[in-house]
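Below you'll find the structure, written out as structure tokens, and then a few comments.
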């Protein structure tokens with residue numbers, strides 16, 4: 001089965017290629033699904049042109065530390081966004097860590113559950129510079145935009161760790177109470 005294109009950006013945000021991993025060092029990665037410009041990548045080789053078609057914006061990686069409570073606030077705020085309705089009430093942030101958005105009957109996010117994260121612990125988080133600059137209700141410590149370009153990290157990873165083994169298991173879902 002061909003990988004979904006959303007799997008690739010979150011992978012480079014967390015793992016990165018060996019050189020980038022040491023520079024970024026994230027435990028969790030989030031990527032704005034609107035930044036992914038391909039629905040899927042066909043089986044076979046992945047060209048540089050395909051990577052830049054997937055992520056054509058020259059996205060830089062931002063890094064910071066966040067607790068699950070801070071990640072939860074960011075996700076709930078985006079899900080319930082009254083200003084940008086076309087990005088609200090859907091999973092807009094794909095992530096390297098599983099999460100479940102719990103909503104009420106009217107589809108308002110009430111909570112986000114992170115089955116693999118420990119409450120109260122600070123995690124090293126990598127996000128796209130778009131998220132870093134534009135998302136409301138982001139709380140973090142030590143935030144900065146790096147000089148690392150997402151597409152370049154992905155190309156480096158594909159060169160260093162090919163063939164890329166993609167896991168297409170959905171990591172996020174919405175549950176209505």
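The values are calculated or read from the model by the stated rules, or taken from the named source; none is laboratory data. Not measured: the values here are computed from a predicted model. Here the Cβ is made from the backbone with ideal geometry for all residues, glycine too, and neighbour counts use every protein chain on show.
Would you say residue 91 is in contact (Cβ under 8 Å) with a residue 24 or more places away in the chain, in contact with a strand residue (DSSP E or B) (Cβ under 9 Å, 6 or more places away or on another chain), surrounded by 15 or more Cβ atoms within 10 Å (Cβ to Cβ) and part of a loop (DSSP other than H, G, I, E, B)? Yes: the conditions hold for residue 91. Residue 82 satisfies every condition listed in (1) within 16 Å of the chain's Cα centre (by Cα); (2) at pLDDT 90 or above; (3) more than 22 Å from residue 98 (Cβ to Cβ) except (1).
Conditions (1) outside any loop (DSSP other than H, G, I, E, B); (2) modelled with pLDDT under 95, marked per residue:
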residue: 45; (1), (2): no, yes
residue: 53; (1), (2): yes, yes
residue: 69; (1), (2): yes, no
residue: 75; (1), (2): yes, no
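For the stretch 33-43, name all the residues that are assigned to a loop (DSSP other than H, G, I, E, B) and either surrounded by 11 or more Cβ atoms within 10 Å (Cβ to Cβ) or modelled with pLDDT of 70 or more (or both). Hits for the stretch 33-43 are 36, 37, 38, 41.
Restricting attention to the stretch 95-119, the residues being modelled with pLDDT of 95 or more and over 12 Å from residue 72 (Cα atoms) number 9. Kindly indicate whether any position in the stretch 64-85 is in contact (Cβ under 8 Å) with a residue 40 or more places away in the chain, farther than 18 Å from residue 174 by Cα, in contact with a strand residue (DSSP E or B) (Cβ under 7 Å, 6 or more places away or on another chain) and crowded, with 19+ Cβ neighbours inside 10 Å. Looking through the stretch 64-85, at least one residue is in contact (Cβ under 8 Å) with a residue 40 or more places away in the chain, farther than 18 Å from residue 174 by Cα, in contact with a strand residue (DSSP E or B) (Cβ under 7 Å, 6 or more places away or on another chain) and crowded, with 19+ Cβ neighbours inside 10 Å.
Select from the stretch 108-121 the residues that are touching a helix residue (DSSP H, G or I) at 6+ places or on another chain (Cβ under 9 Å), farther than 19 Å from residue 32 by Cβ and assigned to a loop (DSSP other than H, G, I, E, B) and list them in ascending order. Before you say what the answer is, go through the steps one by one.
Just the residues of the stretch 108-121 that are touching a helix residue (DSSP H, G or I) at 6+ places or on another chain (Cβ under 9 Å), to begin with: 108-114, 117-121.
Filter once more, keeping what is farther than 19 Å from residue 32 by Cβ: 108, 110-111, 113, 117-121.
Once the filter is applied, which keeps residues that are touching a helix residue (DSSP H, G or I) at 6+ places or on another chain (Cβ under 9 Å), farther than 19 Å from residue 32 by Cβ and assigned to a loop (DSSP other than H, G, I, E, B), the stretch 108-121 yields 108, 117, 118, 119, 120, 121.
Every residue, every condition in (1) buried (at least 19 other Cβ atoms within 10 Å of the Cβ); (2) more than 24 Å from residue 55 (Cα to Cα); (3) touching a strand residue (DSSP E or B) at 6+ places or on another chain (Cβ under 8 Å), yes or no:
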residue: 87; (1), (2), (3): no, no, no
residue: 98; (1), (2), (3): no, no, yes
residue: 102; (1), (2), (3): no, yes, yes
residue: 107; (1), (2), (3): no, yes, yes
residue: 115; (1), (2), (3): no, yes, yes
residue: 137; (1), (2), (3): no, yes, no
residue: 146; (1), (2), (3): no, no, yes
residue: 175; (1), (2), (3): no, yes, yes
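In the condition set (1) modelled with pLDDT of 90 or more; (2) touching a helix residue (DSSP H, G or I) at 6+ places or on another chain (Cβ under 7 Å); (3) surrounded by 14 or more Cβ atoms within 10 Å (Cβ to Cβ); (4) assigned to a loop (DSSP other than H, G, I, E, B), residue 166 is compliant with all but (1).
Take residue 14 and decide whether it is modelled with pLDDT under 75, closer than 15 Å to residue 146 by Cα and in contact with a strand residue (DSSP E or B) (Cβ under 8 Å, 6 or more places away or on another chain).
On the way: modelled with pLDDT under 75: yes; closer than 15 Å to residue 146 by Cα: yes; in contact with a strand residue (DSSP E or B) (Cβ under 8 Å, 6 or more places away or on another chain): yes.
Taking the combined requirement at face value, the residue satisfies it.
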